[in-house]
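Report on the structure given below.
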Amino acid sequence: MFIFIFPYRFTSDFYNKYNICELKKNLNVPMEVHDLSYIVNKDWRKAFNGKKSNVIKEFKSIDEWKKYIENKLKIKKKIFILSELDLNNFNSILIHRILNKKEITLLQYKSPEIYVQQRKKLTFSEIIFKFFILLFSNYKRLIFTLKQRFLNYFIKLIKFKKLIILYSGRKKYLLPYLNSSETSFVNYNSCDFSNYISYENKFLKKNNKIVFLDSNALFFSDKKLFGFNINYDDVTWYKSLNKYLLNVQKNFKLPVVIIPHPRSRKKNNKFYSSKLKVMRDDNATIKAIKDAKLVFAISATTAVSYTVIFNKPVNFIYNEQIKKKNPTQFKDMRNLAKVLGTKFINLDK
């Protein structure tokens with residue numbers, strides 16, 4: 001048996017992202033998807049407000065999930081578990097202890113799927129300086145960071161007998177993985193490339209539109225989840241964005257199509273100009289980019305993978321609010337633009 005365990009509310013967007021339909025079709029054993037968000041990230045469920053996938057099993061407590069797994073082991077004797085668990089909560093440590101059984105073969109997918117610049121190692125004085133900056137400017141982020149450091153140390157005390165790492169790209173760019181006596185590495189398609197294989201022959205390549213990949217910044221972004229204190233001015237944000245996109249539409253004489261972020265795709269964003277088309281279907285990203293003449297993105301989104309796969313020109317845009325209030329996002333976009341050799345444009349100017 002094969003079980004995929006997930007730390008967030010498992011919406012239909014994740015069902016498509018991880019290509020669960022193809023995975024079930026190609027596995028020779030029964031497969032289940034377990035949503036453990038109530039256990040490990042209960043307060044974050046509101047951030048994943050897409051349509052709930054109807055093929056998953058939700059668990060409300062560790063005891064409930066533990067009993068379920070133990071009963072499965074009595075029947076199946078052997079279970080493969082692919083874990084996407086994060087370390088934001090001590091309950092995640094407890095679940096990893098349950099996973100540390102000889103009857104369970106544990107797998108992790110550990111590739112970032114987007115370019116991430118290697119952070120330089122800080123000196124002791126730089127660490128102290130950063131500590132006090134966060135203490136007085138954003139103590140919630142500091143607490144979150146310290147908690148993660150503690151949990152990452154704690155989980156290393158659990159030693160698994162065997163671990164299989166699925167990865168794409170180069171091994172040296174892998175995210176941290178668990179402590180194991182025996183670790184095997186298996187080259188595996190990224191989610192975006194896997195979806196490309198599924199969709200490459202389904203749509204005509206028309207080059208008849210300009211695509212804008214929107215971020216989730218003004219709704220419930222990762223930065224808010226992690227405690228970053230970022231407050232954007234919605235009206236100013238969309239006033240400059242609409243003006244820029246309408247100018248693009250006018251000058252290129254092609255329609256600009258907005259692709260909202262998957263986590264806010266079903267929301268009715270009242271700030272979008274009525275002169276711009278919005279695509280909200282589940283496969284909108286890959287379908288629109290394949291048809292695109294040109295792509296713009298306002299974050300270092302993994303969807304940029306599709307622009308590379310389909311060989312589409314992509315430009316990154318930012319505004320003064322991102323530059324001043326969210327320097328991390330600003331730097332990530334600037335670095336990605338540099339790696340891809342593309343434009344990095346201040347839409348306010």
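Values quoted throughout were computed directly from the atomic coordinates according to the rules given, and no laboratory measurement underlies them. It should be emphasised that the depicted structure is a prediction, and the values quoted were computed from it without experimental measurement. Here Cβ is always computed from backbone atoms with ideal geometry, including for glycine, and neighbour counts include all displayed protein chains.
Calculate how steeply helix 327-340 sits against the longest principal axis of the alpha-carbon atoms of the chain, using the helix alpha-carbon long axis, and give the answer as 0 to 90 degrees to the nearest 10. Helix 327-340 sits roughly 80 degrees off the main axis of the chain.
Among Leu23, Leu241, sorting on how many other beta-carbon atoms sit within 10 Å of each Cβ, with the fewest leading, yields Leu23, Leu241.
Which of the residue pairs Lys51/Lys243; Lys267/Lys290; Lys24/Lys110; Lys120/Lys266; Lys209/Lys267 have a Cα-Cα distance greater than 28 Å in the structure shown? Present the calculation step by step, with values, prior to reporting the outcome.
Values: Lys51/Lys243 31 Å; Lys267/Lys290 24 Å; Lys24/Lys110 21 Å; Lys120/Lys266 39 Å; Lys209/Lys267 23 Å.
The answer is Lys51/Lys243; Lys120/Lys266.
Here's the picture: charge each Lys and Arg Cβ at +1 and each Asp and Glu Cβ at -1 in the chain, and of Ser194, Ala337, Phe310 the one pushed furthest to the positive end of that dipole is Ala337. The Stokes-Einstein estimate for the range 196-346, based on a Kirkwood radius over Cα pairs and taken at 20 °C with 1.002 mPa s viscosity, is a diffusion coefficient of 135 µm²/s.
Relative to the longest principal axis of the Cα atoms of the chain, the long axis of helix 124-137 makes an angle of roughly 70 degrees. Determine the shape class of the range 70-185: with a ≥ b ≥ c the square roots of the Cα gyration tensor eigenvalues, call it rounded for a/c under 1.5, and otherwise prolate if a/b is greater than b/c, oblate otherwise. In terms of gyration-tensor shape, prolate. From least to most packed, judged by other beta carbons within 10 angstrom and beginning with the fewest, Leu245, Leu175 follow the order Leu175, Leu245.
Computed over the alpha-carbon atoms, the chain gives an Rg to Rh ratio of 0.97, Rh here being the Kirkwood radius from the mean inverse distance. Across all directions, the average flat footprint of the convex hull enclosing the Cα atoms of the range 297-349 is 3.4 nm². What is the angle, in °, between the Cα long axis of helix 139-155 and the longest principal axis of the Cα atoms in the chain? Nearest 10 is fine, range 0 to 90. For helix 139-155, the angle is close to 40 degrees. The trypsin sites (Lys or Arg not before Pro) of the range 1-95 that meet both conditions, a loop assignment by DSSP and at most 13 other Cβ atoms within 10 Å of the site Cβ, are Lys51, Lys60, Lys77, Lys78. Here Lys77 is the anchor, and the aspartates and glutamates within straight C-alpha reach of less than 17 Å, apart from those fewer than 8 places off in the same chain, are Glu32, Glu103. Mean residue ellipticity at 222 nm, helices only, the chain: -11500 deg cm²/dmol; runs of at least 4 DSSP H residues each add -39,500 (n - 2.57), and the sum is divided by the number of residues.
With 20 Å as the limit on Cα-Cα distance, the pairs of Lys57/Lys202; Lys78/Lys161; Lys202/Lys287; Lys76/Lys159 that go past it are Lys57/Lys202; Lys76/Lys159. Shape verdict for the range 238-312, please, from the Cα gyration tensor: rounded (a/c under 1.5), prolate (a/b greater than b/c) or oblate. Oblate. Please report how far the C-alpha centroid of the range 299-323 lies from that of the range 46-75, rounded to the nearest whole angstrom. When both Cα centres are located, 35 Å separates them. Once you sort the root eigenvalues of the Cα gyration tensor of the range 1-108 as a ≥ b ≥ c, which label holds: rounded (a/c under 1.5), prolate (a/b larger than b/c) or oblate (the other case)? Oblate is the answer for the range 1-108, as a/c is 1.5 or above yet b/c matches or exceeds a/b. The residues Val256, Val55, when put in order of fewest to most other Cβ atoms within 10 Å, stand as Val55, Val256.
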